[in-house]
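Accompanying notes for the structure given below.
The values are calculated or read from the model by the stated rules, or taken from the named source; none is laboratory data. As the structure is a prediction and not an experimental result, all values here were calculated from the model. Here the Cβ positions follow ideal geometry from the backbone for every residue, glycine too, while neighbour counts run over all protein chains shown.
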Amino acid sequence: MKNLFVLGFFAFLMVLSGCSDKPVLPTELPVPITTFIQQNFPGQTISFAKKDLEITGWQYDVVLADGTQIDFDTDEMWDKIQSSMTNPVPTQLIPAPIVTHLQANFPDAMVLKIDKERNGYEIELANGLELRYNEQGALMEMDD
């Protein structure tokens, strides 16, 4: 009986993986996602969007016309933003303690990527530095 349950579970996962990565029209994106983009990336249009079925629900990946990539979790909140040299990650999306640290120590560096992690944030700067911060915004690690 236990083997049957395990087999059924793996079959369920296979079905889910077959439903993954479906392109969606910008008009089909959830309202919180389109509102987030309009508020934080004004004037940008959505070039491509897809949704991916996970066990916990739908995740969305969006690419804007300027090449910015935004990943949204199953709660329709941004999870990762990767931008370009011409349009860095908007400061209002970076936690205030991290912004303060960056302005004090890397005043000219642009944030090209921010990734929410389980225990904080990973930031990638245009100068090649990768910084890890805890949930309170304290620097934990720096790598070049």
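Restricting the search to the range 66-78, which residues are surrounded by 15 or more Cβ atoms within 10 Å (Cβ to Cβ) and either touching a helix residue (DSSP H, G or I) at 6+ places or on another chain (Cβ under 6 Å) or within 17 Å of Ile55 (Cα to Cα) (or both)? I'd like the intermediate steps shown before the answer.
Our first condition is that a residue be surrounded by 15 or more Cβ atoms within 10 Å (Cβ to Cβ); within the range 66-78, this holds for 68-74, 76, 78.
Answer for the range 66-78, where residues must be surrounded by 15 or more Cβ atoms within 10 Å (Cβ to Cβ) and either touching a helix residue (DSSP H, G or I) at 6+ places or on another chain (Cβ under 6 Å) or within 17 Å of Ile55 (Cα to Cα) (or both): Asp71, Phe72, Asp73, Thr74, Glu76.
The requirement of being of a type in the set (Val, Ile, Thr), modelled with pLDDT under 95 and within 26 Å of Tyr133 (Cβ to Cβ) is not satisfied by Thr100.
In the range 28-54, of all residues being aliphatic (A, V, I, L, M), out of contact with any Ser or Thr (no Cβ under 6 Å at 6 or more places or on another chain) and in contact (Cβ under 8 Å) with a residue 12 or more places away in the chain, the one that is nearest to Asp75 (Cα to Cα) corresponds to Ile33.
Check whether at least one residue in the range 102-111 is over 18 Å from Asn127 (Cα atoms) and in contact with a helix residue (DSSP H, G or I) (Cβ under 8 Å, 6 or more places away or on another chain), and report yes or no.
no
Can you find a residue that is modelled with pLDDT of 95 or more, of a type in the set (A, V, I, L, M, F, W, C) and surrounded by fewer than 11 Cβ atoms within 10 Å (Cβ to Cβ) anywhere in the range 33-49? No, that holds for no residue.
Taking the criterion of being in a loop (DSSP other than H, G, I, E, B) and within 29 Å of Ala126 (Cβ to Cβ), the residues of the range 28-60 that qualify are Leu29, Phe41, Pro42, Gly43, Gln44, Thr45.
Please tell me if Val63 is part of a strand (DSSP E or B), surrounded by fewer than 17 Cβ atoms within 10 Å (Cβ to Cβ) and either without any contact (Cβ under 8 Å) to a residue 24 or more places away in the chain or in the same structural domain as Lys22 (by TED's automatic domain parsing) (or both). Steps first, answer last, please.
On the way: part of a strand (DSSP E or B): yes; surrounded by fewer than 17 Cβ atoms within 10 Å (Cβ to Cβ): yes; either without any contact (Cβ under 8 Å) to a residue 24 or more places away in the chain or in the same structural domain as Lys22 (by TED's automatic domain parsing) (or both): yes.
Yes; evaluated as a whole, the condition is true for this residue.
For Glu130, are the conditions met, namely being out of contact with any Lys or Arg (no Cβ under 7 Å at 6 or more places or on another chain) and modelled with pLDDT under 95? Spell out how you get there, then give the answer.
Details: out of contact with any Lys or Arg (no Cβ under 7 Å at 6 or more places or on another chain): yes; modelled with pLDDT under 95: no.
No.
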